[in-house]
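The values are calculated or read from the model by the stated rules, or taken from the named source; none is laboratory data. What you are looking at is a predicted structure, and each value in this text was computed from that prediction instead of being measured. Counting neighbours? That spans all protein chains shown, and the Cβs are built from the backbone with ideal geometry, glycine included. Areas reflect the complete protein model, heavy atoms only, side chains present, ligands, DNA and RNA absent. Shrake-Rupley method; radii C 1.70, N 1.55, O 1.52, S 1.80 Å.
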2 protein chains.
Amino acid sequence: MERRDEILHVAGTLFSQRGYHATSMRELARHLNLQGGSLYAHIQSKEEILLEVVRQAAERFLAVLQGLPEGSPVERMRALVRGHLRVIAEELPRATVFFHEWKHLSPPLLQEAKALRRRYEEGVQGVVQEGVEKGVFRVENVRLATLFVLSALNWTYQWYRPDGPLSLEELSEAYARLVLRALGVEEGGEDGEA
Amino acid sequence: MERRDEILHVAGTLFSQRGYHATSMRELARHLNLQGGSLYAHIQSKEEILLEVVRQAAERFLAVLQGLPEGSPVERMRALVRGHLRVIAEELPRATVFFHEWKHLSPPLLQEAKALRRRYEEGVQGVVQEGVEKGVFRVENVRLATLFVLSALNWTYQWYRPDGPLSLEELSEAYARLVLRALGVEEGGEDGEA
């Protein structure tokens, strides 16, 4: 791993565990077995590190949107749920920073983090919107339905652990079904339970 | 406000804004216009304050469960959604601590916080279970469906602000509808959109 990547990796873990404000550059250097000063050869400030971790997480989430299959809104939403949960499972520290610690940034870096988060939200909203336009999803308020779906997915970072009893596959399957039902998709065929 | 209540109120706000680890007792004393030492006349440790804030939040959430109306599972779930979102809207700092900062406690206080959170989760799960048993909710996995619902509700602490464009009433109504649909409640009558 490149030194810079290693710094970002360790910083993401510390920020997610103890919080951004509670993680000092000195502590970060100690975890990296670096002299405090030599950290600054790689990175300008703690805030720059935070933004970089947010960027890395955003890249993973945005890649989910880019990788959605052509197909029906149901298939696309199912792939989105699966992809989103996979990023959380595989990138727990970074996802935690993306969900929680970003708000400790100050302007203008804060604006960039907000813009990245908004871009992802809008992408998800686009998938919901498309489903509504095709008459497959039935929701009254696309914006609120999007936030509802994202909320349900995001919170898994609090409790889901890939090494626990529930496989990512099972979680994704169950959550996709709940999401689709919330979006008003009639059950039947592969979605049927009755 | 009693001095102790004031301490808990200010501490809850600081913990929720900057994080538990990043809030020192000295800073807390400064925000209260207290000498650092005199804080300890009211409170033993920072950790005790954290647990107390968690307890206060838990009390509000558990009161929602106790106040649920007798009635159909749909009515009970609707009241639960409304009550849960109201606690978040009215008690944002405390709710944030209940959702996020509690994990910085160490044993044995950590166990008490976990038990309080579990008690609430189990109460919500009871409402879901009851609906399933009465044949009103249709879910495959009651535990996962409960986590899904709680996730969708909890995350509102991240973005909902009561002084924003969306009233608590509107949010509750829309979220209750989404939750009930996710739980497989057939639409029609007051829930109908078609």
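A few remarks follow.
- Separation in nanometres of the label points that stand 7 Å from Cα toward Cβ, at A:Glu27 and A:Arg118: 3.2
- Under 16 Å, Cα to Cα: Lys pairs in the protein assembly as shown, sequence gap 8 or more or different chains: 4
- For chain B, the relative contact order is 24 percent, taking Cα pairs closer than 8 Å that sit 6 or more residues apart in sequence and dividing their mean separation by the residue count.
- Low-density loop positions, GluC sites (Glu not before Pro), the range A:95-194 - DSSP coil, at most 14 other Cβ in 10 Å: A:Glu140, A:Glu186, A:Glu187, A:Glu193
- Translational diffusion of the protein assembly as shown, µm² s⁻¹ [Kirkwood Rh, Cα pairs; Stokes-Einstein; 20 °C; 1.002 mPa s]: 96
- Directionally averaged projected area (the range B:50-188, Cα convex hull): 8.4 nm².
- Degrees between helix A:142-154 axis and first principal axis of chain A (Cα, 0 to 90, nearest 10): 60
- Nearest 10 degrees, 0 to 90: helix B:168-182 Cα axis against chain B principal axis: 50
- Chain A: most fluctuating residue of A:Glu47, A:Glu70, A:Glu91 per GNM, C-alpha cutoff 10 Å: A:Glu70
- Formal net charge of residues neighbouring B:Arg76 (Cβ-Cβ distance under 9 Å; K, R +1; D, E -1): -2
- 22 Å tail of the calculated P(r), the range A:1-116, as % of Cα pairs: 38
- Residue list for the range A:7-36, given a label point 7 angstrom along the Cα-to-Cβ vector of B:Lys103 and an amide N cut-off under 12 Å: A:13-19
- A 1.4 Å probe run over the range A:98-194, with the rest of the protein chains in place, finds 43 Å² accessible per residue.
- Unit charges at the beta carbon, dipole of the range B:50-188: most positive-side option, B:Val127, B:Ala89, B:His104: B:His104
- The C-alpha atoms of chain B define a longest principal axis, and helix B:46-66 lies at about 20 degrees to it.
- Across the identical copies, the 7 Å label point of B:Glu48, projected outward along Cα→Cβ, sits 4.4 nm from its counterparts, in ascending order.
- Computed label-point distance, nm, for sites A:Arg4 and A:Glu75 using a 7 Å Cα→Cβ extension: 3.9
- Placing pseudo-labels 7 Å out from each Cα toward the beta carbon at B:Glu47 and B:Arg138 gives an inter-label distance of 5.0 nm.
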